1. From the list A:47, A:95, which one is at pLDDT 85 or above, under 24 Å from residue C:316 (Cβ atoms) and among the polar types (S, T, N, Q)?
2. In the stretch A:127-150, which residue that is aliphatic (A, V, I, L, M) and in a helix (DSSP H, G or I) is nearest to residue A:90 (Cα to Cα)?
3. How do the helices (runs of 4 or more DSSP H) wholly within the stretch A:14-123 filter down when requiring 3 or more residues that are over 30 Å from residue B:103 (Cβ atoms) and in contact with a Leu (Cβ under 9 Å, 6 or more places away or on another chain): which remain?
4. Please state which one of A:130, A:150, A:220 is under 23 Å from the mean Cα position of the chain (by Cα) and more than 9 Å from every other protein chain (Cβ to nearest Cβ).
5. Output the helices (runs of 4 or more DSSP H) that fall wholly within the stretch A:162-252 and possess 1 or more residues being within 29 Å of residue B:226 (Cα to Cα), or say none.
6. Give just the number: which of (1) surrounded by fewer than 21 Cβ atoms within 10 Å (Cβ to Cβ); (2) touching an Asp or Glu at 6+ places or on another chain (Cβ under 9 Å) does residue C:573 not satisfy?
7. Name every residue in the stretch A:41-60 that is touching a residue at least 12 places away in the same chain (Cβ under 8 Å) and over 18 Å from residue C:323 (Cα atoms), in order of residue number.
8. Just to be sure, is residue C:559 surrounded by fewer than 21 Cβ atoms within 10 Å (Cβ to Cβ) and acidic (Asp, Glu)?
Amino acid sequence: MSKEPKVKAVKKKQDPVDIVMSVVTYIVYSFFAFVCVYPFYYIFINTISNNDLSARGKVTFIPIDIHFTNYVNVSNIPSLMDAFRISVSRTVIGTILTVFASAFLGYMFTKETMWHRKLWYRLVVATMYFNAGIIPFFITMKNIGLYNSFWVYILPTVVSPFYIVLCKTFVESVPAELTDAAMLDGAGTIKTFTAVIIPVIKPILATVAIFSAVAQWNSFQDTLLLVSDTKLFTLQFTLYQYINQASSLKALVNSSTSAASLAASLAHAATATSIRMTVTIVVVFPILLVYPIFQRYFVKGIMIGAVKG
Amino acid sequence: MNKKKLRGYREFLYVLPFIILVLIFAYYPLYGWRYAFYDYKPPKTLSECAFTGLKWFHYMIDNDTKRKQLFQVLLNTFGISGLSMLFSWFPMMFAVFLNEIKCKPYQKFVQTVTTLPNFISWVLVYSIAFCVFNSTGVVNTLLQDAGLIDKPVMFLQSSEHVWFKMWLWLTWKNAGWAAIMYIAAITGIDEELIDAAKVDGANRWKTIWHITIPSILPTYFVLLFLNLANFLSNGMEQFFVFQNSFNKNYIQVLDLYVYNLAMGSGGYSLATAIGILKSVVSIVLLCVLNKVSKATRGEGFI
Amino acid sequence: MKLKKVVSLLVASTMIMATLAGCGSSAGGAAPAASDSAASTDSSAASDTAAADTSTDAASGDTMEIEVYDAAANYQGLQTGWFDKVVKDRFNIDLNIIAPQVAGDAIYQTRTSAGNLGDIVLLDSVDFADCVKAGLIKDITADLPNYPNLNGYMDQIKVYNSGLEGNNGEIYGIPTQMMNTSPIEYSQDVIYSSPLLRWDLYKEIGAPDIKDLDGLVDVLGQIQAAHPTNDAGDPAYAVSLWPDWDGNDNMMGIANVVQLTTWYGEKIKDSAILKADGKTFVPLTDKTASYYKMLKFLNKLYKAGLVDPDSGTQDWNAACAKMSSGQVYMFWYSWQVGFWNSQERLDNGTAMIFVPVADQNYYADADAYYGSGRVFGVGSGVDDAKYQKIMEFLDWYASPEGLEFQHAGIKDFNYTVGADGKFTAINDNALMDNLPVPEEYGGAGYNDGNNQINEWIVSANAINPNTGETYAKDYWASWKESTKTQMKQEWADKFGAAEPAEWMKKNNKLVISPNVAVTLISDTADISVIRNQCEETLEDYSWQMIFADSDAAFDSMWDEMTATMDGNGYQDLYAFDCEKWQPQIDAKNALLK
């Protein structure tokens, strides 16, 4: 609110360098935006065009024979709503916990006073670089009772080293006076964290939130391996296997002995690409809807002075 | 003195629950690394399998043919990782200049749409690439109509500039997404600094050079170093969908090579052995880079 | 103030989440809001209810959930729709299908390492034998004789189980797609792979007799020259290949080429080729064997401009689109006709049909009397109540009633029963068009509700004792009558036989490989890695050879390939594979005597 007049004041005395830069920036970004939008547009028009034409690559700029059967088919997948609920739950809970843990650990690991701080920090960061393999991971999960449990979606990703590093780097850029002042006022570690740190590092928290929300939303590998209870299937998993159903026909072909009935079922499944495209649109759409919420934290600059004062 | 120590312990207690999570989910399963020392093949239990020592660790270099293959694979891995390191400043500059766009709705629009490719799975990316670049696709049709070529060019089949093309695809898919981190970092810059510079008469270029970039450089360096330590892992999905028999010699990176080699149950031990080697390389690199960082920037990044 | 906003956002979203979790009717029990301890037990809930309800009649009580680990399924999750209703009405069970084809290899590795694959297990026979050894499969010897339908196949079941290593008469597995004919007969009309050409185009160029592969190249060349595009103006080619099916099916080499070797009576057995005599093995890399011959044939087509230039990069979906839009002039898999041969095209004579090449001698696997290579079993972890349910279900699954549902569909929806008791098909597009099923039969689309187990204990071509005809409609008298066409008549007149397989038998051009039940040894860890690497090398070079510009380039690539494969351990692999397949070959030859 208070910034507006200042920006206008600056605008008046525009430098020629600034103008050239503006023009170039606009051109370059418009080009990049086009390159990114077009494939998506391409996917979209193919989902509403005649499936035969789209399979043959005939739909490139304008939709042909518009229809919505692909969307109807996807919406007819059984228990889609239940899967949607699970996906939303895991995304919301998972994101909240991950953001909290990343912010808190990112802050705590800047504390020089912590007992063996470096050791613990390195212990966490190192996990980015190794992977035990799926068999021991699976057995571990089963042993601690996370197999077929909702928490298998949440707990393993709560501590994510990459996000912690991001947060820590950001916290380090916060002027030390800020926290020192709070400490002097008698605020404890937790109080400083909630009252001083969180408001200042909001942009990076928004970033972590987007990253982890999208990762949660898109994840299906964990369902694949660790969940056989159909009530816990996520939206992504349900859609994933719907796609795979259409494309894993090789084995079907190699094993079946009745050619005629096989031929019929193959022809039915031959529109896998349209299905895949439709699923992409269906999955990305909710993400785009919640995007603006996060974006609000990017366009407003932080006024550290304001926090200080 | 004693109080400080006590505080140190208390701070440790705060992070302890999280450390325990890490120990359970990341460290405890590492007992599975012992599978690398056996001829393990499910559904047998490990005790029924023969102990083979370091066999799988030198499996890929135990004769000339394999050594030659591995050499080419490592070359590809270095090439493709190297390209992305070389251009790792791209998302940062993308964010910096995006931030300079005055028209906020346009800025938001660009920021949103450039993340779109991130959501398209590689499988689907390939389908689109195939539609656009096949022998009767848009590109070939345009080129033929313009009289530039008379036979369709087999873009996806060619083995030329594979690394560069792969880098282009990756940048297209990830740049907008990776830029989010830098956009956040830019937002974190104290506005008073910028306003002060503007009052001093700095043009935008100067503001960028003297304030914006130095402020987000720490983020850049940390990310760069983290990625450098991970240079042996390129992921495999992208290369898996784009590979074909004609370009495989240049597209087969380590992750894809191991995947192709260790497919099926019998390859589990080999895949684990390579995984261990990769981890060791990464951790060693991480330590070295941390030393480098300390020597050059005066502080380590981990 | 801003902090408050964040907190309120968090609170709000948590509430939304809680509401969502709470209101889900079916999600209730296992939803996130429920305590984590409830969810950690996957089978105990099911077994509690099972104990209460051991009788077959599905009156009341909770439905028992049966996990089916299913190597044939390409759907993961609960069976739904009409087949679910059929099963639920009879047994009050839910089939929860775990599909490694959807989930990938990893699920086999992890589930076996944890000691429990599923309640019903369907595996390829090699894996099945491994799992029996690892104690994952239940011994069903004592109970099998109590189930009359399964008992009817006791001979075959016994033969299969006696082949398991170290077996002393116990029974673990039930083979799939068993037939009640004989193991040396071939009773279908078409074989899996043979040259199929467009009848109208073949006639247009004068329907010449084709002597050999060169003749075939020539015929295809003439067809393509006359029709360089399909009716819509898209470029058309004699053949269009796709690479994404390559690998992993007991036959090394490009998936599109390995089947072509059967045109000369030879069959690829992993890294070896079984010659037409059914006795001798030669290495796949032998220049006199059919893999080389067929690659060369494709290369000839390429040099004549008859191969779709996108063959090396397109995926199967793109290839399918071309097949169904008439951009391909030669098919070689019998199922490919599904993309083109509509009833309309059969009527107007533009369909694809087998055209013999004089010097060829076709290979076909005999009726799967002893089963098709996959095996049903019961998981060793099931409790008694569940075990009984499973056996009842499997028995029904092999019964005429169960088979009619599996192979012919729903009475009065997919077929009607005539006064003579024979079936007549109706709604024959039910599967293809996913026709809505009436509510009384379970509702939803027909294909959506189709049997997702996707594998059968008894073959569709077995004879139904209720009708005296096959279970599947393809060989019903009524179906044959309704699909008679002018084109078929022309074909029959020209070649002097009613069906392709009949022509082959008549002219002594069919090598029928007997069906036997021999369990092959599984790969060691070493061999499995060598196999992958050799396969990679073979496929990469093969594709490049198809696109080679000259014979010299072709041959030099072949030599380079052989050398590389040897470097990767091909000789060990070949020795291993000969030993692996020898017992099967011996058994086949014993049957023929």
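1. Details: A:95 fails: under 24 Å from residue C:316 (Cβ atoms).
None of the other options fit; the residue is A:47.
2. Among residues in the stretch A:127-150 that are aliphatic (A, V, I, L, M) and in a helix (DSSP H, G or I), the one nearest to residue A:90 (Cα to Cα) is A:141.
3. Details: elements: A:16-48, A:51-55, A:69-75, A:80-108.
Filter on the stretch A:14-123 gives A:80-108.
4. Numbers: A:130 fails: more than 9 Å from every other protein chain (Cβ to nearest Cβ); A:150 fails: more than 9 Å from every other protein chain (Cβ to nearest Cβ).
Only one candidate qualifies: A:220.
5. On the way: elements: A:176-184, A:189-192, A:202-218, A:221-226, A:235-247.
By residue number, A:176-184, A:189-192, A:202-218, A:221-226.
6. The single condition residue C:573 does not satisfy is (1).
7. A:42, A:43, A:44, A:45, A:46, A:47, A:48, A:49, A:59, A:60 - these are the residues of the stretch A:41-60 that are touching a residue at least 12 places away in the same chain (Cβ under 8 Å) and over 18 Å from residue C:323 (Cα atoms).
8. Numbers: surrounded by fewer than 21 Cβ atoms within 10 Å (Cβ to Cβ): yes; acidic (Asp, Glu): yes.
Taking the combined requirement at face value, the residue satisfies it.
The values are calculated or read from the model by the stated rules, or taken from the named source; none is laboratory data. Owing to the predicted nature of the structure, the values given are computational and were not obtained by experimental measurement. Every residue, glycine as well, gets a Cβ built from its backbone with ideal geometry; the counts of neighbours run over all protein chains shown.
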